[in-house]
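The values are calculated or read from the model by the stated rules, or taken from the named source; none is laboratory data. It should be emphasised that the depicted structure is a prediction, and the values quoted were computed from it without experimental measurement. Cβ coordinates were reconstructed from backbone atoms using ideal geometry, including for glycine residues, and neighbour counts include every protein chain displayed. The protein model used for the area step is the full one, side chains on, heavy atoms only, and it has no ligands, DNA or RNA in it. Shrake-Rupley method; radii C 1.70, N 1.55, O 1.52, S 1.80 Å.
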Amino acid sequence: MANMPVSEMRLPPHLAHLLAARRLDTAKDVLSLPEVELMAILDAGLPTARAAVALVSEAACPPCQTALALLEERVRLGGGGRLATTLCGLDEALGGGIPMGKLTEVVGPSGIGKTQFCLKLALLAALPEYYGGLDGRVVYIDTEFKFSSRRMIEIGQKSFPQIFRQEGLAQKMAGRILVTRPTSLADFTKSLEEMKVTLLQHDVKLLIVDSMAALMSLENEKATAGFRQHPLRWTLSFLKSIAEFSRVPVVVTNQVRSQSNDDGYHFSFEVDKKDGNKCAERFDSHLVAALGIQWAHAITVRLVFESHSGHRFIKVAKSPMSPAVAFPFVVESSGITLLSDESIDVTGPEITSIRCQGQNVLAR
Amino acid sequence: MGEQSGAQNAWDMLSDEQSQKHTTTGSGDLNDILGGGIHCKEVTEIGGVPGVGKTQLGIQLAINVQIPVEYGGLGGKAVYIDTEGSFMVERVYQIAEGCIRDILEHFPQSHEKSSSGQKQLQPEHFLADIYYFRICSYTEQIAVINYLEKFLGEHKDVRIVVIDSVTFHFRQDFEDLALRTRVLSGLSLKLMKIAKTYNLAVVLLNQVTTKFTEGSFQLTLALGDSWSHSCTNRVILYWNGNERYACLDKSPSLPVASAPYAVTGKGIRDAVSSNHKRARVT
């Protein structure tokens, strides 16, 4: 809508000509200018500039829907708009499963099970509908060379033995999963752009990026501090728009890093009240998600994989549908399994921190 | 004093201020520090870290503005401008159900009856009165804010406009920072004008970023310097130990104060530790 040409807007002829004469060809060109500057460029009075802005805005504005219409659309599309993970407790907490059309992040220390989780999701999306799957293709962007077909088929055989005993099914399922291995951000960007067409033409039902952080750290080594955010911002916008546009779930994995002095923790009005002791509590062994706070704002659901007290946990750290809860899990031959479907409530700073036993990084 | 166009004397304004309506947030403690709730005719900015509950509060306000007048509400409709795709319609339904349940609890003599003009207490009716716009770029955001003037003229029963979040697209795609500041100033003036002209509340949800001040990195609301003077009120949502807190950081008439709140299955309510005995609807 931002690039909507002015010529298609059916403006009154005198305005259309005026804008065209000054090379203001799209909605973006007209609306990016403050009123006064528009007046100067058009060499026209305030009423003319205002009329132009009002008409262009009305044309470029997306249509309005009531929330009820959105709900009815959701019901009509069926499936509740979710990809069930088959981990019952987790699915219930998320309102049915991984949401479609939104970005879901899986973050945790290395080796904890993020890729195992992604492999299972890929399988579930490829399975036929009568087995609970989405009966579609999956695009798996593997940046760390962790994807293993053998392991995925093993998960399939152990989780759905009845299904996989059928001849040729393993091959058919594996055939639905397209794996790309970009080696640089430029490569990744190119695959994403080509992805748009693929998604629409080939009935893709799930997009996985494993892992996002690995790609970004490649770029960080080259770029300057100010520039660092740019590739991430673009990628973020693009992933979100692909997700919403094609209504597929997008799952992205992220790494962790230790907390640094650069992380702000408090607002200015809080700092006055805190004494020195409390500030020190931040510099202990907790880890934080990589990719920064802007990324954290943009994802809709955050699943934190962490370990403490001798167990591993999947924690729903950010979700519009549920409070913060955690489930203990293990990784078996059949992939990730929950030890209990009873959720454990998580409150306060535990929600945002990521714990990893055996990997304490002390900044003391 | 003569009748200057647009000028009002302070005495008349006082009676205006006293009769000003507000929308409850769902939490009595939060309403208290806000002077009753979110005020009409004012622009309120609400910022906080990811996951603290900004969208939850935005949705709660879009529902609460619809509480019928006979139950102490404004009986209005809502415009929800979603720039990030955070609006999850099943959650809106849950929050509407929670609000209705509380109304019925406080006003047991009313059932779901309806007489002419009275809203039926069904979640679907609450959802039908939220006008939703999905915005995917800063151009669309500018377009919708401009278009609102016409839209609100045609829908005079709207009493709240929520923008979730107001800074997302401006942090991402704008190359010319000086131009960005000018465009944002223009937008904030427009929003203030809309609030006053149509007697509604404008609520702007904002993200946080880190800023280096006074020798350390601190959290602050995004686009702070170019934007911070644009809002009448500013509320910051943050974590204080295990509880969610809201701090009224800027207000023309109320002191800076903080209060706890909770996000429950029913929506925004008082924290468990609150002194308010029951969750208040109005």
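Remarks
- Electrostatic dipole magnitude of the protein assembly as shown [Cβ: Lys, Arg +1; Asp, Glu -1; Cα centre; debye, to 20]: 860 debye
- Cross-link table B:LYS196/B:LYS250; B:LYS77/B:LYS190; B:LYS211/B:LYS266; A:LYS205/B:LYS266; A:LYS102/B:LYS21; A:LYS315/B:LYS54, entries beyond 26 Å C-alpha to C-alpha: B:LYS211/B:LYS266; A:LYS205/B:LYS266; A:LYS102/B:LYS21
- Sorted from longest to shortest, the spans of the Cα atoms of the stretch A:299-355 along the three principal axes equal 31, 22, 21 Å.
- Counting only other chain Cβ atoms within 10 Å of each residue's Cβ, the peptide B:208-220 averages 5.
- Taking amide hydrogens as placed 1.01 Å from N in the peptide plane, the amide H of B:THR83 sits under 5 Å from those of B:ILE135, B:ASP164, B:SER165, each at least 5 positions away in sequence or on another chain.
- Given R0 = 60 Å, the distance between the Cβ atoms of A:GLU332 and A:THR66 translates into a calculated FRET efficiency of 0.80.
- Using a Förster distance of 60 Å, the FRET efficiency for A:HIS308-A:SER7 (Cβ separation, nearest 0.05): 0.50
- With N the number of residues in the stretch B:186-246, Rg(Cα) / (2.2 N^0.38 Å) evaluates to 1.37.
- Residues of the stretch B:125-169 whose accessible area, computed with a 1.4 Å probe over protein heavy atoms, drops by at least 40 Å² once all protein chains are present relative to their chain alone are B:LEU127, B:TYR132, B:PHE133, B:ARG134, B:TYR138, B:THR139, B:GLU140, B:ALA143, B:ASN146, B:TYR147, B:PHE168.
- Lys/Arg +1, Asp/Glu -1 at C-beta; the stretch A:1-88 dipole; positive extreme among A:SER32, A:LEU19, A:CYS88: A:CYS88
- Environment charge of A:ASP341, counting only residues whose C-beta is closer than 14 Å and scoring Lys/Arg +1, Asp/Glu -1: -3
- Using only the C-alpha atoms, the convex hull of the stretch A:85-242 corresponds to 127 Å³ per residue.
- Across all Cα pairs in the stretch A:61-146, the calculated P(r) in 5 Å bins from zero up to the longest distance comes to 3, 11, 18, 24, 18, 11, 8, 5, 2, 0 percent per bin.
- Once both labels are positioned 7 Å from their Cα atoms along Cα-to-Cβ, the gap between B:GLN109 and B:VAL69 label points is 1.9 nm.
- Modelled this way, with points 7 Å down the Cα-to-C-beta line, the labels at B:LEU177 and A:ALA51 are 3.9 nm from one another.
- Based on protein heavy atoms only, chain A ends up with 46 Å² per residue of surface accessible to a 1.4 Å probe.
- Among the residues of B:179-187, the average count of other protein chain beta-carbon atoms within 10 Å of the residue beta-carbon is 3.
- Considering only A:ALA170, A:ALA51, A:ALA326, the mean-square fluctuation computed in a Gaussian network model of chain A, springs between alpha carbons under 10 angstrom, is largest for A:ALA51.
- Relative contact order computed over chain B (Cα-Cα under 8 Å; 6+ residues apart), in percent: 30 percent
- Size of electric dipole in chain B: Cβ of Lys, Arg +1 and of Asp, Glu -1, about Cα centre, debye, nearest 20: 180 debye
- Each of A:LEU339 and A:PHE238 was given a label point 7 Å from its Cα along the Cα-to-Cβ line. The distance between the two points is 4.1 nm.
- For the stretch A:237-256 versus the stretch B:229-272, the spacing of their alpha-carbon centroids is 31 Å.
- Take the Cβ atoms of B:HIS155 and A:LYS190, set R0 to 51 Å, and the FRET efficiency comes out at 0.70.
- Charges were assigned to the Cβ only: +1 to each Lys and Arg, -1 to each Asp and Glu. The resulting dipole of the stretch A:177-220 about its Cα centre is roughly 80 debye.
- Summing charges over all other residues whose Cβ lies under 14 Å from the Cβ of B:ASP82, with Lys and Arg as +1 and Asp and Glu as -1, gives +1.
- With contacts taken as Cα pairs under 8 Å at a separation of at least 6 residues, chain A carries a relative contact order of 19 percent.
- The protein assembly as shown: mean projected area of Cα convex hull, nm²: 32.8 nm²
- Set the Cα radius of gyration of the stretch A:1-156 against 2.2 N^0.38 Å, with N its number of residues, and you get 1.66.
- A straight chain from A:GLU35 to A:ALA21 at 0.36 nm per residue would run longer than the Cα-Cα distance by 3.3 nm.
- Relative to the globular-protein estimate of 2.2 N^0.38 Å, the Cα radius of gyration of chain A stands at 1.17.
- Of all DSSP beta bridges confined to the protein assembly as shown, the antiparallel ones make up roughly 50%.
- Semi-axis lengths, Å, chain B, gyration tensor of Cα atoms, sqrt of 5 times eigenvalues: 28, 23, 20
- The B-A contact accounts for approximately 5200 Å² of buried accessible area, totalled over both chains at a 1.4 Å probe radius.
- Calculated over the stretch A:1-67: convex hull of Cα atoms, volume per residue (Å³): 91 Å³
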